[in-house]
Amino acid sequence: MRDTLRLALVLLALWWAPAEAADPAPSETVQSDISTREISIQSNFAGIEIVIFGSVDFSHAPAPDEGNYDVITVIRSPAEPLVARRKERVAGIWVNRAGRTFPGVPGFYAVLATRPFKAITTEATLKALGIGFANLDLGKRGEDDPKEAPYRSAVIRIKQDQNLFQEHDDGVSFIGRSLFRASVDLPVNVPVGRYTTDVYLFRDGQLISKNESTLEVSQVGFERAVSLLALRTGLGGHA
């Protein structure tokens with residue numbers, strides 16, 4: 001009788017005990033790389049095309065029977081302050097007037113995707129990840145300041161005209177079920193620095209994996225010597 005009562009108490013305790021946290025469900029992961037990890041700018045540099053390629057790794061999960069994959073790739077260079085000024089015509093002469101300072105504007109920014117961004121995931125996710133011109137963080141700014149919007153739009157437009165800001169919602173292509181590739185042109189005026197390449201994998205609108213790689217763009221030879229001399233003599237602006 002006593003043993004029966006003890007067994008009943010043990011079973012009751014197990015019944016009411018909180019279930020242990022289950023292991024997270026296995027998920028696909030994205031693996032990616034870029035065609036070159038270092039670009040040297042010399043006098044004959046005329047721009048270059050880089051290729052981002054990768055695959056969906058099913059080693060931790062079987063390939064789903066339904067649901068489409070989407071990939072968004074973001075390439076950006078280091079950010080630096082930028083002042084946007086408004087020009088006005090005074091007595092027949094164009095002069096700079098009031099302006100806005102944006103503390104963190106990427107020198108180069110490109111985003112490529114398998115299809116339109118809003119067809120891939122929600123606006124909230126795009127904003128959280130800083131994907132697309134509309135969600136690009138240019139540094140601390142007044143979100144509720146309507147006077148700032150024209151300056152922000154001008155910065156993005158000028159960067160686009162210089163081919164330093166790019167958006168391509170058909171820039172990533174899948175080759176079969178799991179392989180994908182994308183290419184982006186770095187123009188002749190591309191800034192130097194360490195670039196980051198973020199690859200986001202989505203399925204059915206949900207972000208399921210991310211992979212990051214880096215790219216170094218640097219000056220060599222005579223161009224580097226001139227740049228260093230300009231910095232030392234105060235003619236080079238921001239380092």
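The values are calculated or read from the model by the stated rules, or taken from the named source; none is laboratory data. Everything numeric in this text was worked out from a predicted model, so none of it was measured. Neighbour counts run over all protein chains shown; Cβ positions are idealised from the backbone, glycine included. For accessibility, only protein heavy atoms count, side chains too; no ligands or nucleic acids. Shrake-Rupley method; radii C 1.70, N 1.55, O 1.52, S 1.80 Å.
Looking only at region 179-206, how many residues end up being polar (S, T, N, Q), in contact with a strand residue (DSSP E or B) (Cβ under 9 Å, 6 or more places away or on another chain) and open to solvent by 20 Å² or more (accessible area, probe 1.4 Å)? It would help to see each step written out before you state the result.
If we filter region 179-206 for residues that are polar (S, T, N, Q), which is where we start, we get 183, 189, 196-197, 206.
Those still in the list that are in contact with a strand residue (DSSP E or B) (Cβ under 9 Å, 6 or more places away or on another chain) too: 183, 196-197.
Add one more test, that the residue is open to solvent by 20 Å² or more (accessible area, probe 1.4 Å), and what stays is 183, 196.
Of the residues in that region, 2 qualify.
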* Structure fact -> Residue pairs qualifying under the 7 Å Cβ cut-off, at least six apart or on distinct chains, with the first in region 111-129 being free of Cβ contacts under 8 Å to residues at least 40 places away in the same chain and the second being open to solvent by 80 Å² or more (accessible area, probe 1.4 Å), are none
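Looking only at strands (runs of 3 or more DSSP E) that fall completely inside region 151-213, which ones have 2 or more residues that are touching an Asp or Glu at 6+ places or on another chain (Cβ under 9 Å), touching a residue at least 60 places away in the same chain (Cβ under 8 Å) and basic (Lys, Arg)? Reasoning before the result, please.
Values: elements: 165-168, 172-175, 179-186, 193-203.
Filter on region 151-213 gives 193-203.
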* Asked: Counting just the residues of region 22-42 that are at pLDDT below 85 and open to solvent by 100 Å² or more (accessible area, probe 1.4 Å), which one comes out nearest to Val190 (Cα to Cα)?
  -> Pro24
